[in-house]
Amino acid sequence: MRIPYELVLGWRYTRAGRAARRNGFISFISGVSMLGIALGVAALIIVLSVMNGFQKEVRDRMLGVVSHIEIHGPGGGVLPDVARTLREARKHPEVVGAAPFISAQALIARGEDMRGAIVRGIDPTLEPEVTDLGRAVTPRALARLVPGEFGVVLGIELAHALGVREGDPVTLIAPSGQVTPAGIVPRLKQMTVVGTFDSGHYEYDSGLVLLHEEDAARIFRLEGPTGVRLRLEDLHQAREVAAELAHTLTGPVVVRDWTRQNRTWFAAVQLEKRMMFIILTLIVAVAAFNLVSTLVMTVTDKRADIAILRTLGASPRSIMGIFVVQGATVGVVGTLAGLLLGLGIALNIDVIVPALEKALNASFLPRDIYLINRMPSDPQSGDIVPIALISLVLALLATLYPSWRASRVNPAEALRYE
């Protein structure tokens, strides 16, 4: 098969330093441009993969406590018909678990120490269907939540702040008091700590209290659960499923998915990821536009060759194609090398980071400071494909002007002093 001479010459000019010593510097600059593109692409892949990994870790820990979808009564009150809502919600093909709950705010006191907390009344038998608290609580803690015995399960950080352990009494203070001849007296209830849970998410470990839903209804004087929590087969379908349930469920209900419950946090993560993508893309752009200087020097050095090719019948388009091939070769090789390097590090970061910590005798993520003490990584094709395409497009754009200048070389002027 006959190979177009534009490809042959473009490849020869890219590696010119091996054949001609006087072209060695040009070949060196081409190599530097190629290395810059590779490092920029690799940095983009590694940083975005680590950010995806952290986001996934925090999201999974958050969803270990928070359900995928919550259905609330109107105005935060009691659901009109809990059994009907549970039955209708379970009919959706994406729903794999459903459980009623009561949510309220209260104060937890132990001696002179007092902390605000979110009190969640749960059904211990159905709760494992909607959250992963069964793995986060101390053994048999949920089984000890028996109606009428007023046992509570505290977040591990809340328990440490109050200085309580399993079996210790605490006092729950409801926000709405009871009217007496002496005035409004806050309602107090002494409860027993039957266990703790460690979800790995400080917000919930320091401010969440679990008790049986019947005890919660009695304390807060409610006639039943204030909502239903759902677990889905695919958590990424939560927004679509919530919209469908909002139209199919009977009665006045409010449906919220997990992305709306933590909208601020997820919006901040997406903004940070987008800004990092833009900043690191500039590194690739700088490396890609180094090709401009490389190709300009090559065109200047090859003016006589260009003139000879023109006199032999080469068209301006063919001359332009030669230098486009040279620049595109640098861009393609640099992008492929960056993809291999970035994916190699991103997929093995759980091995590389501990090795670096051991070699440097340092800890990048101390356990006593950070929520996550290991470096997670989650390469996603939705990030990698745009990175590769942007790198190739920038490299191609960088070749256009020098290639056009090469096609405009006048053979008579170029050969005048040869």
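The values are calculated or read from the model by the stated rules, or taken from the named source; none is laboratory data. On a predicted model such as this, the values are computed, not experimentally measured, just so you know. Backbone-built Cβ (ideal geometry, glycine too); neighbour counts: all protein chains shown. What goes into the accessible areas is simple: the full protein's heavy atoms, side chains included, and nothing from ligands, DNA or RNA. Shrake-Rupley method; radii C 1.70, N 1.55, O 1.52, S 1.80 Å.
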Seminar exercise, completed: Carbon/sulfur accessible area of the chain, % of total, 1.4 Å probe, equals 59 percent
Problem set entry | Set of lysines with alpha-carbon distance to LYS56 below 16 Å, sequence-local pairs under 8 removed | LYS273
Exercise. Looking at the chain, do any whole DSSP H helices span at least 18 angstrom along their long axis by alpha carbon and average 1.6 or above on Kyte-Doolittle, and which?
Worked result: 316-347
Exercise. Taking springs between alpha-carbon atoms closer than 10 angstrom, which of LEU282, LEU341, LEU360 fluctuates most in the Gaussian network model of the chain?
Worked result: LEU360
For this session: Select from GLY111, PHE101, SER176 the residue farthest towards the positive end of the dipole of segment 82-234; place +1 on Cβ of Lys and Arg, -1 on Cβ of Asp and Glu, and compute about the Cα centre.
Result: SER176
Exercise. What full-extension length gain, to one decimal in nm, is calculated for GLU223 and PHE28 as 0.36 nm per residue of separation minus the Cα-Cα distance?
Worked result: 62.3 nm
Exercise. Which value, in debye to the nearest 20, describes the size of the charge dipole of segment 25-161 about its Cα centre when Lys and Arg Cβ atoms bear +1, Asp and Glu Cβ atoms bear -1, and nothing else is charged?
Worked result: 160 debye
Exercise. What GluC sites (Glu not before Pro) in segment 204-241 are in a loop by DSSP, with at most 13 other Cβ atoms within 10 Å of the Cβ?
Worked result: GLU223, GLU233
Problem set entry | Probe 1.4 Å, accessible area per residue of the chain, Å² | 52 Å²
Exercise. Out of THR298, THR125, THR138, any idea which swings most in a Gaussian network model of the chain, alpha carbons joined below 10 Å?
Worked result: THR125
For this session: Only Lys, Arg, Asp and Glu count, each charged at its Cβ (+1, +1, -1, -1), so figure out the dipole size of the chain about its Cα centre, rounded to 20 debye.
Result: 2040 debye
Seminar exercise, completed: Sorted on mean Cβ neighbours within 10 Å (highest first), peptides 267-276, 56-65 come out as 56-65, 267-276
